[in-house]
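Report on the structure given below.
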Amino acid sequence: MDSADDLQLAFTISDLAADLALGYFESGVSATLKADGTPVTEADRAVERLFRERLSAARPADALLGEELGRLGESDRVWIIDPIDGTSYFSRRDPNWRVQLALEIAGSIELAVVTAPALRRRWWATRGGGAYESSWPPEQAEPMRLEVSTTSLMADARLNALDDASRARLPPSAARAPESPLPLVELVRGETDAFLVERYYVWDHAPWILLVEEAGGRFTDRAGGHAADQGGGLYSNANLHSRLLTALHYPPHS
């Protein structure tokens, strides 16, 4: 498949999914807990079903992997679906949730589209093609090219982490960025310099690994690689990454 065709397909289906999710959000839905303790709503399942139906029709030979309905098919092309990332925000009518889609080909994330319908924003990247931010729904305005910061000194760095325990592990010489519902957006915009997140699943991380890398940053997972299925890891700009790995004694599970 041509990468431009894959990207256009991802945009088209993500638009449909975002519209569907936004309708549920504006109507209001309640969340229940899954077996793993994470929240889910009827919107999560409906949006994932839409993704699956449309992707299966357009790319019948490709495999699908989603948070709510698991894996379907065997192929070296796998569409990774997070129908609503940030369900806890979604269920309490907070706009900081996303509809996420990534395409992995032969083990490499090649495409990512993240849409925040309630914020009217979108972020996307293709391997070797850069990372971008635009309005959503799409407008005529040119998208903004995303670039991570160029901070190279720890004393000048602004670091963030998912939770208090992780924040306590960050180098004491660096400043702590305020807690944010969108820390990786701040990273790819160059507003912060690093984010440590040692939790969550492949569908949470797959699109953001590519977005960060295509914005000029780096990612190291908890096993020392850069895979999305290792429960997170360290995202940062390129200049600080090696220093942060050393300071954090990373990777913890190598």
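Which value results when the Cα radius of gyration for the chain is divided by 2.2 N^0.38 Å?
Compared with the compact-globule rule of thumb, the chain sits at 0.97.
For a test of the definition: using alpha carbon positions, the gyration tensor, and the 1.5 limit on a/c, classify region 125-254 as rounded, prolate or oblate.
Note, shape of region 125-254 comes out prolate.
On alpha-carbon atoms, Rg over Rh for region 77-185 using Kirkwood Rh?
Using Cα coordinates only, the ratio equals 1.01.
Magnitude of the Cβ-charge dipole of the chain, K/R +1 and D/E -1, about the Cα centre, nearest 20 debye?
Dipole about the Cα centre, nearest 20: 520 debye.
Thr150 accessible area, nearest 10 Å², 1.4 Å probe?
110
Rolling a 1.4 Å sphere over the protein heavy atoms, what is the accessible area per residue of region 105-254, to the nearest Å²?
43
I need the GluC sites (Glu not before Pro) found in region 1-76, filtered to DSSP loop residues with at most 12 other beta carbons within 10 Å of theirs.
Sites meeting the loop and neighbour criteria: Glu74.
For Tyr132, Tyr250, write out the residues from largest to smallest accessible area, computed with a 1.4 angstrom probe and no ligands counted.
If we order Tyr132, Tyr250 from most to least accessible, we get Tyr132, Tyr250.
Under the rule of at least 5 residues apart or a separate chain, name every residue whose amide H is placed under 5 Å from the amide H of Glu110.
Leu103, Glu104, Ile105
Classify region 8-55 as rounded, prolate or oblate, taking a ≥ b ≥ c as the square roots of the eigenvalues of its Cα gyration tensor: rounded when a/c is under 1.5, otherwise prolate if a/b is larger than b/c and oblate if not.
oblate
Quick query: amide H of Gly224 versus all other amide H atoms, modeled in the peptide plane; which residues come in under 5 Å with a sequence gap of 5 or more or a different chain?
HN-HN under 5 Å from Gly224: empty list.
I'd like the accessible area for His241, computed on protein heavy atoms only with a 1.4 Å probe and all protein chains in place. Round to 10 Å², please.
So the heavy atoms of His241 present about 0 Å² to solvent.
So what is the diffusion coefficient of region 98-142 in µm² per second by Stokes-Einstein at 10 °C and 1.306 mPa s, using a Kirkwood Rh over Cα pairs?
142
The values are calculated or read from the model by the stated rules, or taken from the named source; none is laboratory data. Keep in mind that this is a model prediction, so the values were computed, not measured. Here the Cβ is made from the backbone with ideal geometry for all residues, glycine too, and neighbour counts use every protein chain on show. What goes into the accessible areas is simple: the full protein's heavy atoms, side chains included, and nothing from ligands, DNA or RNA. Shrake-Rupley method; radii C 1.70, N 1.55, O 1.52, S 1.80 Å.
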